[in-house]
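A.B. asks: Below you'll find the structure I mean.
The values are calculated or read from the model by the stated rules, or taken from the named source; none is laboratory data. None of these values were measured; they are calculated from a predicted model. Every residue, glycine as well, gets a Cβ built from its backbone with ideal geometry; the counts of neighbours run over all protein chains shown. Calculation scope for accessible area: heavy atoms of the full protein, side chains included, ligands and nucleic acids excluded. Shrake-Rupley method; radii C 1.70, N 1.55, O 1.52, S 1.80 Å.
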Amino acid sequence: MTTTTDIAIVDAEAPERRRGWLDVVLDFCRRRPLGAIGAAIVVLMILVALTAPMIAPYDPLAIDFAAMLAPPSADHWLGTDAYGRDVLSRIIYGSQTALIVGFGAAFVGSTAGAVLGVGSAYFGGRVDLIVQRFMDIFISFPLIILALAMVAILGNTLPNLIIAMTAPMVPRCALVIRSSALSVREMPYVDAARAAGFSHARIILRHMLPNVMAPYLIMLTSFLGQAILLEASLSFLGLGVQEPIAAWGLMLRGAAVEFAETAPWMALFPGLAISLAVFAFNLFGDSLRDALDPKLRTG
């Protein structure tokens, strides 16, 4: 029979449960202020990308030859480029391109790598040996070289760009996830699932994969910064997104050497946007690793 005291205890515990996520966030901010700053910048970047049509002062594609290479002023806060397009508006819309490509490549690459890593650890033996040798072959190529080769083969459309950036990330994530999955494979609940007759796919996806989410999240956040930087590099080399799409790397390419002295703002502000985004994701990723890895916890 439920008593008044029991009801009071449940009512007292309910706010504690509701405050659970808030307590985790506040504890993260208190223990890792740099990570909190990085997370705040990431959230701000996402908000800017989502509200770009509302906050951008000009159409990022609008050409105004009367305002070509205009310096920063009250009309154009960050100046204009060689076509008279507003640099601030193109940076705001460029955040959409950076996040779409960055999140797309990082999510697909990390997820595919996690599935491959867990599957390799689960089956072991010859399957594990073959998968890991293929991963070693792919990981031997530098990130940007493999991405350049993939873009050259597939073409430089936005979906192909995401695929090309995903390919170098898969083996790196697979190797990290496999090391964690090897210990999970020996857990009693995995043996119980095998004894119950569950399929290999169900054991991998429902019993093993959820237990390697900590390294998965760490790899995902670390890949986000790399993907944004890689997208900017490919666009700068002419193998990323193409005009007239607003992209930070493409803006740097447009601010070529001939404008370095006459219009330095064309390269300065997109470069700052790229640096800030990569810096924020790296800060947040490192702090998240420290928070999720038991060996790195300070208390």
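A.B. asks: How far, in degrees from 0 to 90, does helix 20-31 lean away from the longest principal axis of the Cα atoms of the chain, to the nearest 10?
C.D. replies: Helix 20-31 sits at roughly 60 degrees to that axis.
A.B. asks: Output the 0 to 90 degree angle, nearest 10, between the alpha-carbon long axis of helix 87-123 and the longest principal axis computed from the alpha carbons of the chain.
C.D. replies: 30 degrees
A.B. asks: How large is the translational diffusion coefficient of the chain in µm² per second when you combine the Kirkwood radius over alpha carbon pairs with Stokes-Einstein at 10 °C and 1.306 mPa s?
C.D. replies: 73 µm²/s
A.B. asks: Additional query: Normalised by the residues of the chain, what does the relative contact order come to in percent, with Cα pairs under 8 Å and at least six apart?
C.D. replies: This gives 24 percent for the chain.
A.B. asks: Among 159, 87, 74, whose Cα projects farthest towards the positive end of the dipole of segment 58-167, with charges put on the beta-carbon of Lys, Arg (+1) and Asp, Glu (-1)?
C.D. replies: Of the listed residues, the answer is 159.
A.B. asks: What's the angle, to the nearest 10 degrees (0 to 90), between helix 213-236's Cα axis and the longest principal axis of the chain?
C.D. replies: Approximately 20 degrees, to the nearest ten.
A.B. asks: Still on this structure: Hey, got the dipole for the chain? About the Cα centre, +1 on K and R Cβ, -1 on D and E Cβ, debye to the nearest 20?
C.D. replies: Computed about the Cα centre, the dipole is about 1080 debye.
A.B. asks: Ignoring everything except DSSP H segments at least 4 long, calculate the 222 nm mean residue ellipticity for the chain; use -39,500 (n - 2.57) per segment, divide by total residues, nearest 500.
C.D. replies: -23000 deg cm²/dmol, from helical runs alone.
A.B. asks: Can you tell me the accessible area per residue over the chain, all protein chains present, probe 1.4 angstrom, in square angstrom?
C.D. replies: Accessible surface, normalised per residue, equals 53 Å².
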